[in-house]
Amino acid sequence: MLVWSRPGRILIWAVFALLFGVLFLAPLAVILLSSLADQWNGVLPSGLTTEHYSDVVQGAAWKAVKASLVTGFLASALALVSGTWAALALRIQDATLARVLGVLFFIPSAVPSVSVGLGLLVAFSHPPLLLNGTIAIVMVAHFVLISAFTFGNVSAGLARLSPDFEQVASSLGARPAYRLWHVTLPLLTPYLVAAFGLSFALSMGELGATVMVYPPGWVTLPVSIFSLTDRGDVFAGAALTMVLVAVTLILLLGLERVAGRQTRS
Amino acid sequence: MSVPAFTGSNVMDVDAAKIRGAGSNVHFDKVSVAYGAHVVLHPLTLDIAPGEILAMIGPSGSGKTTALRAVAGFVRPASGRIRIGATDVTDLPPYERGLGMVVQNYALFPHMRVEDNVAFGLRAQGADKALIGERVKDSLATVGMSGFAKRYPRELSGGQQQRVAIARALAVRPRVLLLDEPLSALDAQIRRNMVEEIAKLHRDLPGLTILYVTHDQTEALTLADKIAIMRDGRVSSHGPTAELYRRPPNRFTAEFLGRANLLPVTVAEGAAGPKGLAKARLGDAVLAGAARGEKPGDKTLLCIRPQHLSLTGDEEHTNRIVGTLKEVHWQGELTHLVLDVDGTPVRVSATRLPVSLPERGSAMPLFFAPGDTSLVPEDVRG
Ligand SMILES: Nc1ncnc2c1ncn2[C@@H]1O[C@H](COP(=O)(O)OP(=O)(O)OP(=O)(O)O)[C@@H](O)[C@H]1O
Ligand SMILES: [Mg+2]
């Protein structure tokens with residue numbers, strides 16, 4: 001804490017609470033209220049109901065949850081493996097090449113995700129690369145969008161890792177593969193878990209590219225929410241959003257615990 | 001700190017014999033290292049005998065760590081060869097060199113218990129379980145850490161972590177042990193104890209060759225059989241510890257090892273007599289000191305250690321110089337005086353002071369024995 005005086009601290013907390021409340025909590029609260037609203041014409045809803053939840057649960061909600069979870073898990077796992085591999089490989093390249101490739105990795109996240117989706121749609125529309133209309137293209141889209149973050153996270157972890165650990169391991173007779181498995185990766189675990197959690201969260205919320213490429217029968221949560229609200233079914237969309245928030249939150253908290261256990265041991 | 005001392009040789013008798021056989025010499029043959037165009041090690045030729053402790057000391061950036069890492073295999077020499085025993089290891093990867101290494105911050109693997117840290121090398125080499133168990137026990141016993149096998153590194157003090165790091169290196173029965181400033185993260189008190197314990201460890205494992213990098217001259221003087229003093233990527237001097245201290249071959253060595261006083265003198269008479277003493281002139285005073293082949297008329301330096309200067313003369317302390325008293329610092333067991341002798345500051349460490357010390361600014365005689373004095377050439381390079 002840089003500010004020590006009591007009024008100063010109170011002021012800082014007040015500003016923080018205001019910003020947090022307005023920017024984060026207010027939109028969420030509105031969504032939560034809508035998901036429970038019977039009618040909403042005035043300042044507040046005129047009645048509360050759980051009808052929207054039972055509607056979405058009876059509707060396509062579970063299929064959407066499953067599509068999102070499977071997509072998020074597979075794309076994140078793939079991104080974790082390849083991002084880690086890329087970060088490890090780039091570490092032993094010379095610095096300029098590593099920097100150029102590092103920047104290339106981040107390009108997809110600078111392009112609007114709709115364009116990424118469009119690009120994939122065009123690129124994979126001809127044999128032998130015919131992926132249009134398959135689940136695989138959804139995975140690919142998510143992978144392209146999130147791999148930069150796994151790569152960035154793991155690279156940051158590697159940069160903070162003292163070379164002493166690996167060098168001592170080598171001098172004790174550990175060959176590169178043994179060293180990677182028993183020293184480098186365990187020491188990177190907190191970063192790997194964080195990378196996986198971030199990718200998963202990004203994937204769970206991804207809409208732009210998915211909307212462009214998703215096949216019938218593989219409708220993710222954000223796509224369902226989008227089509228519900230597009231149809232004017234705002235309350236059901238809000239209920240489904242709350243489902244998405246809950247699922248993501250549970251997942252992230254679970255990962256947090258895993259990471260916490262890892263860093264403690 | 002309640003850490004037991006390294007245990008005596010009883011535990012290690014069998015293993016000491018094994019290591020004794022394994023001890024190897026290290027040979028640097030014109031080894032140079034450069035980072036791009038920046039040469040950090042100029043062709044270095046140096047031998048460490050089997051079972052010897054060589055301390056490599058020198059100021060920060062002088063290339064000590066670089067030389068050690070070249071032996072370990074983490075720095076590729078631009079030219080020259082490195083041999084360990086009969087093996088040319090220059091092109092071998094680190095994991096095939098059979099060394100033990102201890103670094104400044106210990107680098108214990110934080111996710112492994114003490115016993116797994118110590119077992120790491122043997123497991124990596126695929127040793128069998130029974131052997132690993134036995135070696136882990138022995139190595140931990142050697143460093144007095146048997147009771148800590150189940151702890152994690154973060155549950156140990158700095159000194160304890162350092163012991164585990166040494167045990168981990170010893171467990172693989174290295175031919176050579178490389179220590180890079182192993183004590184510099186510890187505080188002064190523990191550091192003194194650890195120096196003594198490493199000395200004891202080497203008495204228990206006399207065959208173990210040790211390259212000990214430090215910038216602390218006390219550690220080097222206490223532990224080393226030989227010292228190599230590094231300066232700007234070159235060996236400034238190399239020799240048996242006592243000899244290097246008593247007869248420093250150049251100004252840098254004299255100043256770096258024990259902060260000697262160096263008075264500019266002119267040689268009056270070359271070496272004479274059974275002790276080979278030369279006579280040199282400093283202003284009006286004629287002083288005797290061990291010669292190094294100087295001829296009359298040569299300008300050179302007279303080296304005298306602060307603790308060899310006495311405030312009173314007798315039949316042994318026959319050299320006499322006069323200086324102006326500048327500063328007096330009392331430090332308990334020692335009192336440090338600084339005098340100005342013909343424009344050169346001269347430090348004196350006195351254990352006993354005369355009843356009354358002259359006023360600051362007044363003249364004061366200093367006495368020293370010719371046998372404690374030697375002539376030292378000025379460094380060729382600035
Ligand atoms: N990876 C590197 N790239 C470029 N220069 C380096 C590198 N590592 C070391 N150097 C340079 O090499 C020189 C010698 O470094 P070295 O680490 O061997 O010094 P040292 O004697 O161990 O010093 P210290 O007592 O501070 O540890 C220094 O000038 C340092 O800046
Ligand atoms: Mg160093």
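Residue by residue, here is whether (1) outside any helix (DSSP H, G or I); (2) buried (at least 21 other Cβ atoms within 10 Å of the Cβ); (3) within 16 Å of ligand 1 (Cβ to nearest atom) holds:
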site: B:Leu108; (1), (2), (3): yes, yes, no
site: B:Gly159; (1), (2), (3): no, no, no
site: B:Ile166; (1), (2), (3): no, yes, no
site: B:Pro174; (1), (2), (3): yes, yes, no
site: B:Leu179; (1), (2), (3): yes, yes, yes
site: B:Ile198; (1), (2), (3): no, yes, no
site: B:Pro206; (1), (2), (3): yes, no, no
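Give A:Ala177, A:Ala141, A:Ala148, A:Ala156 a once-over and let me know the one that is open to solvent by 60 Å² or more (accessible area, probe 1.4 Å), among the small types (Gly, Ala, Ser) and assigned to a helix (DSSP H, G or I). On inspection, the qualifying residue turns out to be A:Ala177.
Apart from one condition, B:Gly73 fits all of (1) within 13 Å of ligand 2 (Cβ to nearest atom); (2) under 20 Å from A:Glu166 (Cα atoms); the exception is (1).
Within the range B:341-358, count every residue that is within 30 Å of the chain's Cα centre (by Cα) and under 20 Å from B:Thr312 (Cβ atoms).
Residues flagged as within 30 Å of the chain's Cα centre (by Cα) and under 20 Å from B:Thr312 (Cβ atoms) within the range B:341-358 amount to 7.
Here the condition is being modelled with pLDDT under 85 and either among the basic types (Lys, Arg) or touching a Leu at 6+ places or on another chain (Cβ under 9 Å) (or both); of A:Trp40, A:Trp62, it holds for A:Trp40 alone.
Please determine whether any residue of the range A:213-224 is buried (at least 16 other Cβ atoms within 10 Å of the Cβ), under 19 Å from the mean Cα position of the chain (by Cα) and under 25 Å from A:Leu48 (Cβ atoms).
Here is the first cut: in the range A:213-224, the ones buried (at least 16 other Cβ atoms within 10 Å of the Cβ) are A:213-214, A:218-224.
Next, only the ones that are under 19 Å from the mean Cα position of the chain (by Cα) stay: A:213-214, A:218-224.
Filter again for under 25 Å from A:Leu48 (Cβ atoms), leaving A:221, A:224.
Yes, the range A:213-224 has at least one match.
Restricting the first residue to the range B:50-65 and requiring it to be not assigned by TED's automatic domain parsing to the domain that holds B:Tyr212, which pairs with a second residue that is open to solvent by less than 10 Å² (accessible area, probe 1.4 Å) and more than 6 Å from ligand 1 (Cβ to nearest atom) meet a Cβ separation below 6 Å and a spacing of at least six or different chains? So the pair list comes out empty.
Where in the range A:17-94 are there helices (runs of 4 or more DSSP H), lying wholly inside it, with at least 1 residues that are open to solvent by less than 50 Å² (accessible area, probe 1.4 Å) and among the aromatic types (Phe, Trp, Tyr)? Give the derivation first.
Working: elements: A:26-36, A:51-58, A:61-91.
Fully inside the range A:17-94 and qualifying: nothing.
Can you work out which of the residues in the range B:308-343 that are without any contact (Cβ under 8 Å) to a residue 40 or more places away in the chain and among the hydrophobic types (A, V, I, L, M, F, W, C) is farthest from B:Gly361 (Cα to Cα)? Talk me through it step by step, then tell me what you get.
Within the range B:308-343, the first condition is being without any contact (Cβ under 8 Å) to a residue 40 or more places away in the chain, and the residues that meet it are B:315, B:325-340, B:343.
Those still in the list that are among the hydrophobic types (A, V, I, L, M, F, W, C) too: B:325, B:328, B:330, B:334, B:337-339.
Values: B:Leu325: 5, B:Val328: 11, B:Trp330: 17, B:Leu334: 21, B:Leu337: 12, B:Val338: 11, B:Leu339: 9 Å.
This residue is B:Leu334.
Can you tell me which residue in the range B:184-196 is surrounded by the most Cβ atoms within 10 Å (Cβ to Cβ), limited to those that are away from ligand 1 (no atom under 13 Å from the Cβ) and either within 14 Å of chain A (Cβ to nearest Cβ) or closer than 14 Å to B:Ile53 by Cβ (or both)? Before you say what the answer is, go through the steps one by one.
Pass one, the range B:184-196, residues away from ligand 1 (no atom under 13 Å from the Cβ): B:186-196.
This time we only want the ones that are either within 14 Å of chain A (Cβ to nearest Cβ) or closer than 14 Å to B:Ile53 by Cβ (or both), so: B:195-196.
Details: B:Val195: 21, B:Glu196: 13.
This residue is B:Val195.
Does the range B:290-306 contain at least one residue that is β-branched (Val, Ile, Thr) and within 24 Å of the chain's Cα centre (by Cα)? Yes, the range B:290-306 contains at least one residue that is β-branched (Val, Ile, Thr) and within 24 Å of the chain's Cα centre (by Cα). Residues that are more than 14 Å from chain B (Cβ to nearest Cβ) and surrounded by fewer than 19 Cβ atoms within 10 Å (Cβ to Cβ) occur at least once in the range A:159-170. Scanning the range B:210-231 for residues that are more than 17 Å from B:Pro50 (Cβ to Cβ), away from ligand 1 (no atom under 13 Å from the Cβ) and surrounded by fewer than 17 Cβ atoms within 10 Å (Cβ to Cβ) yields B:Thr218, B:Thr222.
Yes/no matrix, rows are residues, columns are (1) within 24 Å of the chain's Cα centre (by Cα); (2) away from chain A (no Cβ under 14 Å); (3) more than 13 Å from ligand 1 (Cβ to nearest atom); (4) more than 26 Å from A:Ala169 (Cβ to Cβ):
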position	(1), (2), (3), (4)
B:Val31	yes, yes, no, no
B:Pro43	yes, yes, yes, yes
B:Gly61	yes, yes, no, yes
B:Ala67	yes, yes, no, no
B:Arg76	no, no, no, no
B:Glu96	no, no, yes, no
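Of the residues making up the range A:233-260, those that are open to solvent by 40 Å² or more (accessible area, probe 1.4 Å) and of a type outside the set (Phe, Trp, Tyr) number 12.
So which residues in the range B:39-70 are away from ligand 2 (no atom under 16 Å from the Cβ) and open to solvent by 30 Å² or more (accessible area, probe 1.4 Å), if there are any at all? Explain how you work it out, then say what you get.
Kept after step one, since they are away from ligand 2 (no atom under 16 Å from the Cβ), are these residues of the range B:39-70: B:39, B:42-43, B:45-53.
Within the range B:39-70, B:Val39, B:His42, B:Pro43, B:Thr45, B:Asp47, B:Ala49, B:Pro50 qualify.
The values are calculated or read from the model by the stated rules, or taken from the named source; none is laboratory data. Remember, predicted model here, so these are calculated numbers, not experimental data. Cβ atoms come from the backbone with ideal geometry, glycine included; neighbour counts cover every protein chain shown. Side chains are part of the model used for accessible areas, which takes the heavy atoms of the whole protein and leaves out ligands, DNA and RNA. Shrake-Rupley method; radii C 1.70, N 1.55, O 1.52, S 1.80 Å.
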